[in-house]
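Shown next, in structure tokens, is the structure this report addresses.
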Amino acid sequence: MALIKSISGTRGTIGGKVGDNLTPIDVVNHTAAYGYRLLQSNAAPKVVVGRDARISGDMVRNLVVSTLQGLGIDVVDLDLSTTPTVAMAVPNEKAGGGIIITASHNPKQWNALKFLNEKGEFLSGAAGQEILDIAEKGDIEFAEVDALGRYERKDDYIAWHIEEILKLPLVDADAVKEKKFKVVVDAVNSTGAISLPPLLEALGCEVIVINSEVNGRFAHNPEPKREHLVGLAQKVTSEGADLGMAVDPDVDRLAFMSEDGEMFGEEYTLVAVADYVLKHTPGDTVSNLSSTRALRDVTEKAGHKHHASAVGEVNVVAMMKQVNAPIGGEGNGGVIYPELHYGRDALVGAALFLSHLAHFGKPVSFMRNSYPDYVISKNKIELAGLDLDLIFEKLKDKYSNQPQNTVDGLKIEFDRDWVHLRKSNTEPIIRIYSESTSEVTANNLADKIKADISELMRG
């Protein structure tokens, strides 16, 4: 059981002791800190709230809404929604911010509060730290009875979100409708079931949905990775579908499956979408340090430059704005398309991918084979008892002849291979990502670094 308080929000497991887990007291405390900071910053005293379908979601939503009202903040409650939908609703409502109740890809016992600013974007590190400081001090003043916040429920924002996607010039609805794609969707028992199918149907697709009950009782590990999507693969092949799509519980990550039941690769969601966007909108691209080199290859082939940011959506967005990138995101299936909004969005990713596929004119497996073939090995080490700074310094010395990047943890390049070590923002672990042109080499590189760590710590 755990409670992780970070600049990107508050995440933890439900139940247990106050301060050790995500209890009702912790929810109220951090919501109040967020709301109080919003009031102190003179932002509009209105917050948009939405949640995924987690079992604990309704309970947490009630606590969040009541706390905000108790501060004198008006609440626009989208209830069951998606992270990108809430993000888009914030500026549309002229709100001061937003709170998304979701633990993204974490299992059902987890939940979290994700905080947005008035633009519908995740808070900066400085703003997140201010909230943590306020929560720690607890010096918060609530509103008197005549100044309590108002409450409004709105259930039409997902439909509006879809309409805004269909208006995008690069979403070629006519071309997609002409293909009449058959698509199998794994909605992982959350709000993907009420958002992705309506979008696909509006694009003229035949849609088959598995794990469609919106009850938060995830049929499998909710992270959209190959080992968790056996049911999707079986359904795609048995139905003779053109492709499969899988999302995480809050619908900001998107993974595709080819017509043969093989994973397109969540790292390649952004690669394919960027390939399509760059054909129509010249510009640089951005992804984080742990994302595949394939995006760099595709970008350079198009005559542009790729930029690597620190891990975290807020860092990717900041660099995208800095270089005016028309497309960017994260290799976990997170597509950020500024023409719509600055946030990871599985829905717009799906629409752009299908537009690309319609013009490509060949099966999804052929498209995947058209891109450089890299494999990322994702590993982790428990952080308990490890001196991370010391580990990084020793590794930097050991590999001092190799190109290194220390913007976020430590990334070491070995010709076209690389390894990236960093402390997780959401779990008490060190993440070790490595990439090569073969799975064996990528795994061997990760194993070598783990062996180095063990040896260096013994020394």
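Only the coordinates and a few stated rules stand behind these numbers; no lab work does. These numbers come from a predicted model, not from an experiment. Please note: Cβ atoms are built from the backbone with ideal geometry, for glycine as well, and neighbour counts cover all protein chains shown.
For q = 0.21, 0.23, 0.24 Å⁻¹, what log10 I(q)/I(0) does the range 375-458 give under the Debye formula with an equal point scatterer on each alpha carbon and no solvent? Normalising to I(0) and taking log10 leaves -0.99, -1.19, -1.29. Note that the range 344-355 has calculated 3J(HN,Hα) couplings of 4, 8, 5, 5, 5, x, 5, 5, 5, 5, 5, 5 Hz, one per residue in order, obtained from phi through the Karplus relation 6.51 cos²θ - 1.76 cosθ + 1.60 (θ = phi - 60°); glycine and proline are x. Here's how it looks for Ser309: its modeled amide H is under 5 Å from those of Ser287, Asn288, Leu289, which are all 5 or more places away or on a different chain. Proximity of backbone amide H atoms, modeled 1.01 Å from N, is registered between Ile208 and Val183, Val184, Val185 at under 5 Å, excluding neighbours fewer than 5 places apart on the same chain. The charge dipole of the range 197-334, taken about its Cα centre with unit charges on the Cβ of Lys, Arg, Asp and Glu (plus for the first two, minus for the last two), comes to roughly 500 debye. Annotation: the residues Glu339, Glu141, sorted from fewest to most other C-beta atoms within 10 Å of their own C-beta, follow the order Glu141, Glu339. Whole angstrom only: what separates the Cα centroid of the range 298-314 from the Cα centroid of the range 184-206? Between the Cα centre of the range 298-314 and that of the range 184-206, the gap is 29 Å.
Each of Leu63, Leu289, Leu270, Leu196 was scored by other Cβ atoms within 10 Å of its Cβ. Listed from fewest to most, they are Leu63, Leu289, Leu196, Leu270. Taking amide hydrogens as placed 1.01 Å from N in the peptide plane, the amide H of Leu383 sits under 5 Å from those of Ile429, Ile430, each at least 5 positions away in sequence or on another chain. Each other residue within a Cβ distance under 12 Å of Asn443 adds +1 if Lys or Arg and -1 if Asp or Glu, for a net charge of -1. Measuring between alpha carbons in the structure, the pairs from Lys225/Lys301; Lys94/Lys154; Lys5/Lys119 lying more than 25 angstrom apart are Lys225/Lys301. Would you work out which of Pro338, Val364, Leu390 lies farthest towards the positive end of the dipole of the range 313-401, given +1 charges on the beta-carbon of Lys and Arg and -1 on that of Asp and Glu, about the Cα centre? Checked the options; the winner is Val364. Charged side chains reduced to their Cβ positions (Lys and Arg at +1, Asp and Glu at -1) give the chain a dipole of some 480 debye around its Cα centre. With neighbour counts taken as other beta-carbon atoms within 10 Å, the residues Tyr151, Tyr433, Tyr157 rank, fewest first, as Tyr151, Tyr157, Tyr433.
Over the C-alpha atoms of the range 3-155, the Rg to Rh ratio, Rh being the Kirkwood estimate, stands at 0.92.
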